[in-house]
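The values are calculated or read from the model by the stated rules, or taken from the named source; none is laboratory data. Fair warning: this is a prediction, and the values are worked out from it, not measured in the lab. Reconstructed Cβ throughout: ideal geometry from the backbone, glycine too, with neighbour counts over all protein chains shown. In case anyone asks, the SASA skips ligands and DNA or RNA and just uses the protein heavy atoms, side chains included. Shrake-Rupley method; radii C 1.70, N 1.55, O 1.52, S 1.80 Å.
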Amino acid sequence: EDQVTQSPEALRLQEGESSSLNCSYTVSGLRGLFWYRQDPGKGPEFLFTLYSAGEEKEKERLKATLTKKESFLHITAPKPEDSATYLCAVQARRRGKLQFGAGTQVVVTP
Amino acid sequence: GAGVSQTPSNKVTEKGKYVELRCDPISGHTALYWYRQSLGQGPEFLIYFQGTGAADDSGLPNDRFFAVRPEGSVSTLKIQRTERGDSAMYLCASSSIGTSGASETQYFGPGTRLLVL
């Protein structure tokens, strides 16, 4: 059974205080690991896809990395607009569905 | 271009009633997915369509839940005899299919918030 565990559950940061979110996973044959951002009451917004260990992707203040057992989402010098819940999901080979973690709620205060 | 759209955005119903939730995918996306999200949790898979057929319906919780996609575009999720435990955000996503036959990135709609009283 595919499993995704995200930590911490919640993170409170001062503006400019860099930090990392963790996503640990077990999956029978990884096709891709996905990061989404979700604002309250909205649908998830796609951020990154990582396909193989060692791969890294960057977008503005966000950088995602992948190993064989976990992925990290690094937030560098966050701003209040980075406040959101960040969701990690895995997709196994030959399956369409995504298996999500419970998310990390990030609050960035000015 | 236009993203995934879902209607209604909110639905309030009474226990025992029937509801239909609609999803309009991104134009050209052949794969469509339904997920359900409870407060404080990640989305939970319900069903996946490739074209008109359900490729994987293993996430449907029981036979009160049913989904169709008759023309390979718009999909409707149908819930019979609703229960209070069905209250959640229902999310739809769509994706293209790559040359290898694998699903590409899934793009989500804004969701339908269902409340069963």
Review point. Limited to segment B:96-117, what total is found for residues that are modelled with pLDDT of 95 or more and more than 8 Å from chain A (Cβ to nearest Cβ)?
Key: 5
Practice item. Return a yes/no flag: does segment B:61-81 have any residue that is open to solvent by 80 Å² or more (accessible area, probe 1.4 Å), part of a strand (DSSP E or B) and within 11 Å of another protein chain (Cβ to nearest Cβ). Key: no
Check your understanding: Looking at segment A:59-110, which of the residues that are among the β-branched types (Val, Ile, Thr) and under 14 Å from A:Tyr25 (Cα atoms) is surrounded by the fewest Cβ atoms within 10 Å (Cβ to Cβ)?
Key -> A:Thr67
Check your understanding: Residue check, B:Val12 against (1) within 23 Å of A:Arg37 (Cα to Cα); (2) at pLDDT 95 or above, all met but one. Which one?
Key -> (1)
Revision key, fill the gap. Residue hits (segment B:28-60; among the aliphatic types (A, V, I, L, M) and open to solvent by 20 Å² or more (accessible area, probe 1.4 Å)) are B:Leu39, B:Ala54, B:Ala55, B:Leu60
Practice item. Could you give me the residue pairs with C-beta distances under 9 Å whose first residue belongs to segment A:78-94 and is away from chain B (no Cβ under 11 Å) and over 13 Å from B:Thr105 (Cα atoms), whose second residue is of a type in the set (Gly, Ala, Ser) and in a loop (DSSP other than H, G, I, E, B) wherever it lies, and which are 6+ apart or on separate chains? Key: A:Pro78/A:Gly16; A:Pro78/A:Ser18; A:Lys79/A:Gly16
Exercise for review: Being more than 10 Å from every other protein chain (Cβ to nearest Cβ) and not aliphatic (A, V, I, L, M) is the filter; apply it to segment A:41-54 and report the residue that is farthest from A:Leu98 (Cα to Cα).
Suggested key: A:Gly54
Practice item. Output yes when any residue across segment B:11-31 is assigned to a loop (DSSP other than H, G, I, E, B), under 14 Å from the mean Cα position of the chain (by Cα) and within 23 Å of A:Ala102 (Cβ to Cβ), and no when none is. Key: no
**Study point:** Scan of segment B:82-103 for residues that are without any contact (Cβ under 8 Å) to a residue 60 or more places away in the chain, assigned to a loop (DSSP other than H, G, I, E, B) and open to solvent by 30 Å² or more (accessible area, probe 1.4 Å), ordered by number
**Key:** B:Ser87, B:Thr99, B:Ser100, B:Gly101
